[in-house]
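Following: one structure in structure tokens, then a few remarks.
The values are calculated or read from the model by the stated rules, or taken from the named source; none is laboratory data. What you see is a predicted model, and the numbers here were worked out from it, not measured in a lab. For neighbour counting, all protein chains shown are included, and Cβ atoms are generated from backbone atoms with ideal geometry for every residue, glycine included.
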Amino acid sequence: MNTFQYIKGKLFCDQIPLDDLASEFGTPLYVYSAERLRENVTHVQAAYAKLNPLICYAVKANENLALLQIFNEKGLGFDVVSGGELHRARRAGANPNRIVFAGVGKTDAELILALQEKINKISVESADELYALDRLAGELNHRPSVLLRLNPDVAPDTHRHILTGNAESKFGISLDVAHELRKHDWKNLDLCGVHFHIGSQIPDPTSISATLDIVLGFLEACPPSWDTLDMGGGFPVGYENERVVNSFADFAKVAANRLARFPRPLNLIIEPGRSLIADTGALLLTVQASKETGAYQTVIVDGGMNTLLRPALYDAHHHVLPLQETNKDTYPTHLAGPVCESTDYLARDRQLPELSRNDKLAVMTTGAYGYSMASHYNARPLPAEVLVDGDSYQLIRRREKHEDLDGLDLHI
């Protein structure tokens, strides 16, 4: 299914013209396709069907309740990394037994919440956290199922800001420390397996295969009661409008081949996030000004790094399309936001037609880490979100107003 396409010169999301949504709801505006989201879920479920894992959507990618409810309806669990994400998953109707909690800096309050909710698994990322969880579990008289998140010292070929499994990373527990922790007598914890996640945008399954060799070697030294393997996520998304070479099925095949040589069956968990939601979304923007800056047309739009942080944070690439198709000549263009920062660019050195005030653009593949990383910087209200479902649509988060910025202030 081609979710975003031009039809008679207008850019559509499924059966809805995007300029109609921009006119009705204003910009900046995030738009998502429910049909594409369901299709992505179906693809990962089919690819991993023979391994029968618990598939947990990584809530950090996008935590809108309407989207979480679709994931829940499709039978997915949820991977959360904060107490707030656990709260959002539960508000969306998630069964606690289908929630896993990772995250490198869990507070006592967050661990207590996880214990009280009696979620499926807690992935522990340090010795200090494990001792704290043991103490709190004893106080609450609840014995949770616990995974050790291992740091296998594997670095896939991806951006350094989204590496999480190399030795210098803050995430996970080194193998030496993990071996010591597994030998301890944990009176209030059921240590039952391991977790790994080596990064995002993993280009191919090679690094997953190498990681499985290390992690399964650790599990072979553990007793049979250690029966769970959480393989994390990191599946790639084509941000530059290219086809992703390696699919869910390619990653599943590598996992299945390696697990077939393990001496006992394991309960598997996988945690796709951006790969399920990124290509469902587009960010609609309105041109405020266009001017010549050296050899470039620099176009200023009404959303910037406060609305979509990824380009400023990672030098991330997002394809940019006009809402109205044109055959006009194109020019080297920088797309910049309104924020008072020199890094506030959404796209650099693109070929776009001559643009004027009130023209509309779509920044593509923004369903993941778009709204979830947005901020109030420069005291700018957060944008609205709309969900398209075939030939219908609904507002799933209203646009903030200036007075919403005052909501938590304690006035003197």
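Some points to look at:
- Within region 115-129, residues that are assigned by TED's automatic domain parsing to the domain that holds PRO144 and over 11 Å from HIS142 (Cβ atoms) reach partners that are basic (Lys, Arg) and in a helix (DSSP H, G or I) with beta carbons closer than 9 Å, at six or more positions or on different chains, in the pairs ASN120/ARG98.
- Residue check, GLY93 assigned by TED's automatic domain parsing to the domain that holds ILE198, in a loop (DSSP other than H, G, I, E, B), in contact with a helix residue (DSSP H, G or I) (Cβ under 6 Å, 6 or more places away or on another chain) and not β-branched (Val, Ile, Thr): yes
- In region 235-244, the count of residues that are more than 26 Å from LEU308 (Cα to Cα) and among the hydrophobic types (A, V, I, L, M, F, W, C) is zero.
- Residues of region 127-141 include none that is in a loop (DSSP other than H, G, I, E, B) and on the phi < 0 side of the Ramachandran plot.
- Residue within region 375-391 that is small (Gly, Ala, Ser), surrounded by fewer than 17 Cβ atoms within 10 Å (Cβ to Cβ) and assigned to a strand (DSSP E or B) present: no
- Count of residues meeting criterion [under 17 Å from GLN69 (Cβ atoms) and either part of a helix (DSSP H, G or I) or free of Cβ contacts under 8 Å to residues at least 40 places away in the same chain (or both)] in region 395-412: 0
- Qualifying residue in region 48-57 (condition: surrounded by fewer than 19 Cβ atoms within 10 Å (Cβ to Cβ) and either assigned to a helix (DSSP H, G or I) or of a type in the set (Asp, Glu) (or both)): no
- Summed over region 243-282, the residues that are among the hydroxyl-bearing types (Ser, Thr, Tyr) and buried (at least 18 other Cβ atoms within 10 Å of the Cβ) give a count of 2.
- Looking at GLY103, GLY93, just one residue is of a type outside the set (A, V, I, L, M), within 21 Å of the chain's Cα centre (by Cα) and closer than 20 Å to ASP190 by Cα, and that residue is GLY103.
- Any pair with Cβ under 6 angstrom, 6 or more apart, that starts in region 207-231 at a residue that is within 21 Å of VAL100 (Cα to Cα) and ends at one that is small (Gly, Ala, Ser): TRP226/GLY193; THR228/GLY193; LEU229/GLY193
- Among the residues of region 118-128, just one is among the acidic types (Asp, Glu) and out of contact with any Lys or Arg (no Cβ under 6 Å at 6 or more places or on another chain), namely ASP128.
- Only helices (runs of 4 or more DSSP H) whose full extent lies in region 231-348 are considered here, and the ones with at least 3 residues that are not aliphatic (A, V, I, L, M) are 248-259, 310-314.
- Of everything listed in (1) modelled with pLDDT of 95 or more; (2) surrounded by 24 or more Cβ atoms within 10 Å (Cβ to Cβ), the single unmet condition for GLY232 is (1).
- Here TYR239 does not fit the description of being surrounded by fewer than 23 Cβ atoms within 10 Å (Cβ to Cβ) and touching a strand residue (DSSP E or B) at 6+ places or on another chain (Cβ under 7 Å).
- Of all residues in region 1-47 being within 19 Å of the chain's Cα centre (by Cα) and of a type in the set (Lys, Arg), the one that is surrounded by the most Cβ atoms within 10 Å (Cβ to Cβ): ARG36
- Scope region 325-347; condition surrounded by fewer than 17 Cβ atoms within 10 Å (Cβ to Cβ), in contact (Cβ under 8 Å) with a residue 24 or more places away in the chain and under 23 Å from GLY370 (Cα atoms); matching residues: CYS340, GLU341, THR343
- Just one of the listed residues (ALA22, ALA47) is more than 15 Å from ASN72 (Cα to Cα) and in the same structural domain as HIS195 (by TED's automatic domain parsing), namely ALA47.
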